[in-house]
Amino acid sequence: MFLENRNTPRWMIFMMDIVLASASIGFAYLLRFSFSIPPSYFEQLPLVMLVVLSVRSLSFILSRVYSGIIRYTGTQDLVRIFLVNFAGSLVFAITNLLLNNVWGLPHLIPFNIVIIDFFILTLAMTTYRMLIKVAFLELNNPSRERSSVVIFGAGDTGLMAKRAIERDSSQKMKVIAFFDDNPSKVRKKLDNAIIYPFHRLEEVLTSNPVDQLVLAVPTIKPQRKSEIVEVCLRCNVRVLSVPPVSVWIDGNLSARQLQKVRFEDLLGRDEIVINTGKISSDLKGKHIMVTGAAGSIGSELVRQIVKFNPASVILLDQAETPLYEVLLELQGMDMDCNIHSHLCDITRESVMREVFEKRKPNIVFHAAAYKHVPMMEHNPREAIATNVMGTQVMADLAAQFHVERFIMVSTDKAVNPTSVMGASKRMAEIYTQTLNSHTETQFITTRFGNVLGSNGSVLNLFRKQIEEGGPVTVTHPKVTRYFMTIPEAARLVLEAASMGNGGEIFLFNMGERLSIKEVAEKMIKLSGFSPGTDIQIVYTGLRPGEKLFEELLSDEENTIHTGNPHILAALVREYAYEEVSLMMQQLQEMAQQSNPSEAVKLLKKFIPEYISKNSVFEQLD
């Protein structure tokens with residue numbers, strides 16, 4: 001049965017338990033009387049055996065202790081055996097009391113034998129189950145065939161991870177050591193595996209043929225996680241992590257649930273804390289509009305906004321299927337607000353006016369935009385129509401309908417732009433900032449860099465290329481970018497919206513620029529491959545409109561600190577409202593003509609720092 005990977009029949013387990021019960025009571029008598037049972041007790045033994053086996057059989061049947069799959073025996077099974085045997089022994093004790101105190105008869109089974117029998121039977125039933133479990137694991141997964149695993153985190157989660165790994169014979173893994181940052185645990189053993197401190201991680205991984213490390217600390221700091229992964233990558237050790245308890249199956253962890261560590265988890269930043277009290281007071285009971293609500297940032301904004309109990313959230317997007325998927329997701333969330341969705345184009349002023357008249361939003365988060373640099377370089381009129389004119393439509397309507405706040409989501413590519421996309425976003429920034437001083441609406445701009453995992457993110461591209469076996473394409477070996485996770489970006493947008501008074505351009509602390517080449521190499525290693533050997537990295541050259549590195553501030557801008565260390569306020573050049581209005585009118589007229597170069601030329605006139613890179617529009621500079 002072991003070799004064929006079949007389950008032991010329940011009747012066989014039941015019979016084994018009965019055999020152990022009969023042997024246990026006999027052995028208890030032998031121990032009690034030093035292996036010389038007096039004749040009076042020996043004569044009673046057949047009756048005792050009959051009573052004991054009857055009670056034990058009934059208790060086993062009622063509790064179904066024989067129904068478990070032995071090779072998966074766990075703590076709960078052992079506790080159940082203890083309780084069932086205790087209940088049976090309690091029946092014997094009560095029988096003795098009734099015989100002696102009610103009917104004046106001698107005890108059927110001496111109390112000390114009842115106690116000895118309880119401990120012998122419980123030990124025997126648990127021991128043989130564990131022996132069968134170990135035998136099954138060894139026969140189906142011999143130690144010599146297993147890959148070695150170490151676990152970071154010598155707590156309850158780490159222990160459960162070890163047992164889940166060694167219980168799953170198909171995984172062929174064996175845990176050889178634990179690591180932990182708690183000094184009180186170091187040099188001790190957990191489930192027969194020694195616990196090492198973190199500073200010995202590289203030494204142990206180098207001196208032992210370790211294949212995988214499992215992260216089993218639910219609250220591990222990003223900086224520590226990044227350090228662990230860096231050591232593992234240097235030692236060619238694959239890294240897995242234990243998923244949140246919420247996704248465990250019936251509260252039990254399975255080895256198959258261990259997840260690959262994603263690059264998004266390795267930014268090395270502590271969780272961004274925002275002023276939820278202030279945000280809640282700003283959003284609670286309000287009607288909140290989100291444009292681009294089906295996009296990466298827009299949809300995450302919606303997920304976070306609904307937690308603050310607004311009166312309603314109005315979703316605007318022109319992508320039908322993604323908008324429908326967001327609606328389905330929201331239907332499954334626990335929230336107390338109305339959701340309204342509108343499939344529409346923000347450049348159509350008449351349609352947008354109808355939406356504003358019907359929904360009467362108090363706050364608008366404007367995340368709708370075309371954002372792919374090379375695509376917009378080939379379609380400048382669309383970039384200007386959506387990113388500039390679409391923003392103008394939304395901003396003007398927000399002012400006309402007395403919206404309290406209008407928060408525009410911008411990009412670091414608007415700083416010293418080298419692309420049509422960046423220039424169009426900078427133009428939108430200029431318009432909303434200028435409009436702020438001429439209306440009651442507070443116009444606030446938030447500016448940040450690349451968002452990990454967003455639609456079209458380089459990480460998604462690399463992940464797909466790795467799954468296909470490569471090559472991984474990088475534009476230039478020296479290209480660098482700022483990165484931030486989607487939840488981080490959305491939280492900071494909400495925080496900036498809460499602290500702004502109108503007219504500000506808020507910059508997010510994006511940390512250090514990351515080398516895209518190093519990002520590609522790390523993602524390949526995290527997937528268990530070797531860069532340059534298993535998967536090649538190919539350099540394709542900078543795409544139209546791209547530059548080697550992004551900036552968050554232009555040369556003429558400076559910053560001031562805010563109450564949040566992750567957010568800075570930019571001091572930027574201010575424009576006259578009449579001048580900007582004329583710019584927008586001219587740009588709209590030019591964009592509607594058939595020659596896109598003239599529209600781009602006009603953008604360059606309005607934004608002198610806009611210098612094209614790797615683009616056909618370089619001739620206009």
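Computed quantities for the displayed model
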item	result
The range 16-40: number of residues that are among the aromatic types (Phe, Trp, Tyr), open to solvent by less than 70 Å² (accessible area, probe 1.4 Å) and not in a helix (DSSP H, G or I)	1
Pairs where the first residue, in the range 195-222, is under 19 Å from residue 241 (Cβ atoms) and open to solvent by less than 20 Å² (accessible area, probe 1.4 Å) and the second is among the hydroxyl-bearing types (Ser, Thr, Tyr) and at pLDDT below 90, C-beta under 8 Å, 6+ apart	210/148; 214/241; 215/241; 216/157; 216/241
Test result for residue 311, open to solvent by 10 Å² or more (accessible area, probe 1.4 Å), under 30 Å from residue 547 (Cβ atoms) and of a type in the set (A, V, I, L, M, F, W, C)	no
Where residue 361 falls short, out of the listed (1) part of a helix (DSSP H, G or I); (2) over 22 Å from residue 414 (Cβ atoms); (3) modelled with pLDDT of 95 or more	(1)
Single residue of 133, 174 found to be at pLDDT below 80 and either under 26 Å from the mean Cα position of the chain (by Cα) or open to solvent by 20 Å² or more (accessible area, probe 1.4 Å) (or both)	133
When residues of the range 56-90 are limited to those that are in a helix (DSSP H, G or I), crowded, with 18+ Cβ neighbours inside 10 Å and of a type in the set (Val, Ile, Thr), the one modelled with the highest pLDDT	84
Residues (closer than 16 Å to residue 405 by Cα and either at pLDDT below 90 or of a type in the set (S, T, N, Q) (or both)) located in the range 423-447	432, 433, 434, 436, 437, 438, 439, 441, 442, 445, 446
Filter result for residue 417 (modelled with pLDDT of 90 or more, more than 30 Å from the chain's Cα centre (by Cα) and not polar (S, T, N, Q))	yes
Matching residues, the range 502-535, being under 21 Å from residue 239 (Cα atoms) and not hydrophobic (A, V, I, L, M, F, W, C)	517, 518, 521, 522, 525, 527, 528, 530, 531, 532, 533, 534
Selection status of residue 431, in contact (Cβ under 8 Å) with a residue 40 or more places away in the chain and in a loop (DSSP other than H, G, I, E, B)	no
Residues located in the range 271-326, provided they are among the β-branched types (Val, Ile, Thr) and in contact (Cβ under 8 Å) with a residue 40 or more places away in the chain	272, 274, 279, 288, 290, 291, 297, 305, 314
Residue in the range 142-161 that is least open to solvent (accessible area, probe 1.4 Å), counting only those that are of a type in the set (S, T, N, Q) and at pLDDT below 80	147
Selection count where residues are open to solvent by less than 30 Å² (accessible area, probe 1.4 Å), modelled with pLDDT under 85 and more than 12 Å from residue 521 (Cα to Cα), scope the range 454-469	2
Filter pass, residue 413 being surrounded by 24 or more Cβ atoms within 10 Å (Cβ to Cβ), touching an Asp or Glu at 6+ places or on another chain (Cβ under 7 Å) and among the basic types (Lys, Arg)	yes
Residue 202 being over 30 Å from residue 19 (Cα atoms) and at pLDDT below 80	no
Residues being of a type in the set (Gly, Ala, Ser) and farther than 27 Å from residue 501 by Cα - total across the range 330-381	3
Filter result for residue 357 (open to solvent by 40 Å² or more (accessible area, probe 1.4 Å), under 25 Å from residue 567 (Cβ atoms) and of a type in the set (D, E, K, R))	no
Which numbered condition residue 294 fails, given (1) open to solvent by less than 10 Å² (accessible area, probe 1.4 Å); (2) at pLDDT 90 or above; (3) assigned to a loop (DSSP other than H, G, I, E, B)	(1)
Selection from the range 91-108 of residues that are modelled with pLDDT of 80 or more and open to solvent by less than 70 Å² (accessible area, probe 1.4 Å)	91, 92, 93, 95
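Each row is one residue, and each column tells you yes or no for (1) at pLDDT below 80; (2) more than 24 Å from residue 235 (Cβ to Cβ); (3) among the polar types (S, T, N, Q).
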position: 140; (1), (2), (3): yes, yes, yes
position: 170; (1), (2), (3): yes, yes, yes
position: 182; (1), (2), (3): no, no, yes
position: 198; (1), (2), (3): no, no, no
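The values are calculated or read from the model by the stated rules, or taken from the named source; none is laboratory data. No experiment lies behind these values; they were computed from the predicted model shown. Note that each Cβ is placed from the backbone with ideal geometry, even for glycine, and that neighbours are counted across all protein chains shown. Accessible surface is based on the protein model in full, side chains and every heavy atom, while ligands, DNA and RNA are left aside. Shrake-Rupley method; radii C 1.70, N 1.55, O 1.52, S 1.80 Å.
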